[in-house]
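In what follows, a structure is listed as structure tokens, so that the remarks can point back to it.
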Amino acid sequence: MVRPARLMRSAVGRFFEYDTPKIVHIQSLHIGITYRFVQLVIISYVIGWVLVYKKGYQETDNVESSVTSKVKGVVLTNFTLDPNATADEEKLRVWDTADYVIPPQENGAFFVTTNIIMSPNQEQGICPELGASCSTGFDCPSGSKSANGVRTGTCNNATSTCDIRAWCPVEKDVEPQSPVLQGTEDFTVLVKNQIFFPKFRVRRRNILDGFAKNASYLDSCLYHPSADPFCPIFRLGDIIALAQENYSTIAVKGAVIGFVIEWECNLDLSVESCLPKYSFRRIDNADDVIAKGWNFRYANYWTDTVGRQSVQRRTLIKAYGIRFVFYVYGVAGKFNIVPLATNLGAGLALLGLAVIFCDIVILYCSKRRQFYSDNKYLRVQDEDAVLFEEDDRSGHSGENFFS
Amino acid sequence: MVRPARLMRSAVGRFFEYDTPKIVHIQSLHIGITYRFVQLVIISYVIGWVLVYKKGYQETDNVESSVTSKVKGVVLTNFTLDPNATADEEKLRVWDTADYVIPPQENGAFFVTTNIIMSPNQEQGICPELGASCSTGFDCPSGSKSANGVRTGTCNNATSTCDIRAWCPVEKDVEPQSPVLQGTEDFTVLVKNQIFFPKFRVRRRNILDGFAKNASYLDSCLYHPSADPFCPIFRLGDIIALAQENYSTIAVKGAVIGFVIEWECNLDLSVESCLPKYSFRRIDNADDVIAKGWNFRYANYWTDTVGRQSVQRRTLIKAYGIRFVFYVYGVAGKFNIVPLATNLGAGLALLGLAVIFCDIVILYCSKRRQFYSDNKYLRVQDEDAVLFEEDDRSGHSGENFFS
Amino acid sequence: MVRPARLMRSAVGRFFEYDTPKIVHIQSLHIGITYRFVQLVIISYVIGWVLVYKKGYQETDNVESSVTSKVKGVVLTNFTLDPNATADEEKLRVWDTADYVIPPQENGAFFVTTNIIMSPNQEQGICPELGASCSTGFDCPSGSKSANGVRTGTCNNATSTCDIRAWCPVEKDVEPQSPVLQGTEDFTVLVKNQIFFPKFRVRRRNILDGFAKNASYLDSCLYHPSADPFCPIFRLGDIIALAQENYSTIAVKGAVIGFVIEWECNLDLSVESCLPKYSFRRIDNADDVIAKGWNFRYANYWTDTVGRQSVQRRTLIKAYGIRFVFYVYGVAGKFNIVPLATNLGAGLALLGLAVIFCDIVILYCSKRRQFYSDNKYLRVQDEDAVLFEEDDRSGHSGENFFS
């Protein structure tokens, strides 16, 4: 009758037991100092490096970003598109945003023209190519391709170069020496960067709340790394100077510049302390031997009506310039129990190293290693231990066998 | 003769030994309950949170994505480019994709014009600027720059503003009140998103296999978050509504909208359950005081022949509109032994906390702490333990010394 | 007098103690082999998989990348834009980079036109739509929209289709059968990829230092996966072949091709061994039923002066072609003590599994389980252990109580 109750009590009792390792507590100055020192090193590493320096108690999240940019500025150039133009006035030309930002919008980048080679009013036809000379049509195999067009098989007597079918007249292949657009370093760009940390539902933007309603400040400010580090308007010349490059050199053949915006946000502090940090660096190689700098060709097309026929014409522009590419980096951290538990758990596991290290010291390097070994180990011999040598420790084994 | 064999046997024997910690097994209801409870909390955390909720048994991989988009729709506008036009017909103008998607393709984004300010047939020349008034040429320093051009040094008598060298006539600087392109909310966009998880060699796309061959469905369907969540065709008005914005407000000055596609794939289940989830949100700030919304200027260039000279002309367009930026997020998880082992290992390490906690309880907080301490610790005193006080526990130490 | 000194000595002494677990050392062939085998498996896993294969001793960093591209090549096409053209010559047209790379630059992608449908000299007006036929004006509700324009409400007698207000004449809706631009597979593209590992301050580029100064090599080389794997100039036809696609098929309706550049850098070795690896794959689906391949429409605009009025005209181009999208992946690893410590710590924790496993074997599966249990456990009974059954082990407990 009592049995079921006793079994029940027994099972419950068995469950509520506590197993804790038997510890050999060694009172020794030498090994004690060693042990505490190793422990201190490990604890310092875990707390100092992992928890404090690497903020191991924080959950982190990467940034989602959107950047838009708007360039402002005009320059006046002094060159002629039309060789028949006589008046000086005809050579003057104003360039505004629509003229020098090509394409008008890009995802995560913008381009500002600093130098151009313009080939106005080209039309499809046959004209002599520039460069390599020929003496007879045999030097110009029909159908072979040059940089600008397809050879017709004849050698042009006037220029001693092959005739090609191309957009005529072909672009003058000149190495630019100085930028056609003088003064582009005074252009300014307004940069708007919105970021979002999805895990923490935190939104920030580079136009800080304190300034966001202040139109007069935002209309007149200019970014300066120390004097005005949160103004969202940047002078191109300043950007290039901060990238440690020379604007007048870059303007000739163009460059690719990284426009880096960094957000390092500790959300355990006020969200107001989560601020953008700008930096700039040249990305392309200044000493490239092919395709140095950055340039590309584009054209404007139209059709003229000449007599009964319509003729398609174009103005070809080889644009050299600075391509600004946005890189937005950001990490936000906020206290969370999970990474703290993980890092503390890993730290505890590492503390085991101190015991392993000191065990090696007392069991292998100490004069009294036999004494420590006898205290640390309880030797037990199973029946199948036939291979074990009967040595001086067998007495202990035997003794412990029945302890 | 026997020696080498014995040494060999001894070495092999030494190697095949097993070390297991001596455990103090405490039968106590109080500490047992505490121990099991702490263990339960840790195991629940490891299994419930780390393994089940955070899927700690899965290896994860980030998505590689490619998005292409194609906008469809036409609108009719009623305004005139040419002030000399008399007939009503001249004011009507149809806008198709080539007219309002600028540039025609972008990597990871697309732009739809909703409002424009057009400045047709501009040419380089001198004309009065708009805005700030002047009385004499001294108010217009020669060479100084205005928003649209460079001042010539004269004050225009007719307008009382500075004469500038610019693309003339200059753009009318008006704040848009209502969108010129009415009905752009009915445009649709076909979005194709291909994703790839390189670690698992799994490919998915937003046009699901079940629909991919069904041209009539794909020609006529329209995305709806609940009724048709996998149709790849989106009405612009619906997107803005789902982003909780008002289309007619946004259409006036433009906006930047995030087009978010999320893929959360548990590859332990069928790959068919790996489905896209769309969401939309406005990225730019609705209450910006400078450069509110989203707009940019671009121009179409051509050359007219006037007498013997050719004149370059352009139509400048300030385009307001909605810039849709794609954000594709995706994580795939699949069972893998490595993260499972890592998380179980970390879990085991954490279980050590239960012992540490209970040891603190029995050794420092229990009434019978001396009893537990005597059982848990085997005290050993080394010869250099000169600093240790001879206290009431020395008897135990001595006793254990030879145990 | 002696007291304070003694207390001090005592406190210092208490601090410099060493606790090491008491170990039961079992000499048994069976359990020894089991133990060493499980240990071997865990150590092999930790060293072989985690440390060596997964390079668990390295800190890793993700790549920052910038890609620019420049396409070269010309093709000659033989078709007419102007139906009034009579001479054969008028049909020949050369296409250069400015003609077929649209837009001229994109961030992280480039597009090469392989096929076009051109609609020259369109102007706003009323003309019959193509496709769906009508018999009366009732079939053409005024204001309803077709693909190209807005219906006027009348049915055109000549074509039996609705009249629409649109850019006239409307684009011919033909399925392209063969590419208009023949020979685009011979175009080459120069790709410049600069990468940066911010944590390690390491910069690399795909034009290797050994070649960077060798202009003649860079002008003439051509990428080949085995013969010339580091040449930065790629033939489009080769790219498509390496993506296992057929160029002449793709050229008809276009495609999206992933241009993958992988950098896997072991910075413990020489930085010179950190090299790019190119691969290519088609991203869009070859068997899509809607919007197959890749195409988009763009237009060139100009204004003609007809009498007193100016007429805006455009040439609409539907461009089919190959969109190359760059994907740059890169991971750099370098020896660091932190991940090594973390992985070793986790490995040590895992070694505890061997003890747990063997304890289960000897305590539950062994014939001599009672013998092992008696040796491993020191049973201690607290006063509140009222629930515990007095069983055959009580003798041991009692005995141990005072041990």
### Message
If I filter the stretch B:194-208 down to residues being among the basic types (K, R) and part of a strand (DSSP E or B), which single residue comes out as surrounded by the fewest Cβ atoms within 10 Å (Cβ to Cβ)?
### Response
B:R203
### Query
With respect to C:C221, is the statement that it is more than 10 Å from chain A (Cβ to nearest Cβ), crowded, with 19+ Cβ neighbours inside 10 Å and more than 22 Å from the chain's Cα centre (by Cα) true?
no
### Task
Those residues that are away from chain B (no Cβ under 14 Å) and open to solvent by less than 20 Å² (accessible area, probe 1.4 Å), I need them from the stretch A:295-322; list them, please.
A:N295, A:Y320, A:G321, A:I322
### Message
I'd like to know if the stretch B:12-20 contains one or more residues that are under 27 Å from B:I360 (Cα atoms), assigned by the TED database to the domain that holds B:I360, open to solvent by 20 Å² or more (accessible area, probe 1.4 Å) and assigned to a strand (DSSP E or B).
### Response
yes
### Query
Would you pick out the residues in the stretch C:229-255 that are among the aliphatic types (A, V, I, L, M), under 21 Å from C:I283 (Cα atoms) and not in a loop (DSSP other than H, G, I, E, B)?
C:L236, C:I239, C:I240, C:A241, C:L242, C:I250, C:A251, C:V252, C:A255
### Query
Can you tell me which of B:P169, B:P179, B:P120 is farther than 30 Å from A:V75 by Cβ and either under 40 Å from the mean Cα position of the chain (by Cα) or touching a residue at least 40 places away in the same chain (Cβ under 8 Å) (or both)?
B:P179
### Message
Taking the criterion of being assigned by the TED database to the domain that holds A:N107 and within 30 Å of C:R93 (Cβ to Cβ), would at least one residue in the stretch A:185-207 satisfy it?
### Response
no
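Considering every residue within the stretch B:260-280, establish whether at least one is of a type in the set (A, V, I, L, M) and surrounded by 21 or more Cβ atoms within 10 Å (Cβ to Cβ).
Checking the stretch B:260-280: not a single residue is of a type in the set (A, V, I, L, M) and surrounded by 21 or more Cβ atoms within 10 Å (Cβ to Cβ).
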## Note on the structure
Going through the stretch A:26-41 in order, the residues found to be assigned to a strand (DSSP E or B) and either more than 7 Å from chain C (Cβ to nearest Cβ) or open to solvent by 20 Å² or more (accessible area, probe 1.4 Å) (or both) are none
### Message
Step by step: first the residues of the stretch A:133-182, then only those that are within 14 Å of another protein chain (Cβ to nearest Cβ), assigned to a strand (DSSP E or B) and of a type in the set (G, A, S), then the one that is most open to solvent (accessible area, probe 1.4 Å). Which residue is that?
### Response
A:G153
### Task
Of all residues in the stretch C:329-376, count the ones that are among the polar types (S, T, N, Q), facing another protein chain (nearest Cβ under 7 Å) and within 30 Å of C:L275 (Cα to Cα).
1
### Message
Condition first: touching a helix residue (DSSP H, G or I) at 6+ places or on another chain (Cβ under 9 Å) and within 30 Å of A:Y301 (Cβ to Cβ). Can you find one or more residues in the stretch C:324-331 that meet it?
### Response
yes
### Task
Among the residues of the stretch A:47-58, count how many are modelled with pLDDT under 85 and not in a loop (DSSP other than H, G, I, E, B).
3
### Query
Of everything in the stretch C:350-392 that's assigned to a loop (DSSP other than H, G, I, E, B), open to solvent by 50 Å² or more (accessible area, probe 1.4 Å) and more than 16 Å from B:N375 (Cα to Cα), which residue is modelled with the lowest pLDDT?
C:D392
### Task
Spot the failing condition for B:S226; the list is (1) hydroxyl-bearing (S, T, Y); (2) in a loop (DSSP other than H, G, I, E, B); (3) open to solvent by less than 20 Å² (accessible area, probe 1.4 Å), and only one is missed.
(3)
### Query
(1) surrounded by 18 or more Cβ atoms within 10 Å (Cβ to Cβ); (2) of a type in the set (A, V, I, L, M); (3) more than 27 Å from the chain's Cα centre (by Cα): which one isn't true of A:A255, the others all being true?
(3)
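The values are calculated or read from the model by the stated rules, or taken from the named source; none is laboratory data. Since we're looking at a predicted model, the values are computed, not measured. Because the Cβ atoms are built from the backbone with ideal geometry, glycine has one as well, and the counts that use them run over all protein chains shown. What goes into the accessible areas is simple: the full protein's heavy atoms, side chains included, and nothing from ligands, DNA or RNA. Shrake-Rupley method; radii C 1.70, N 1.55, O 1.52, S 1.80 Å.
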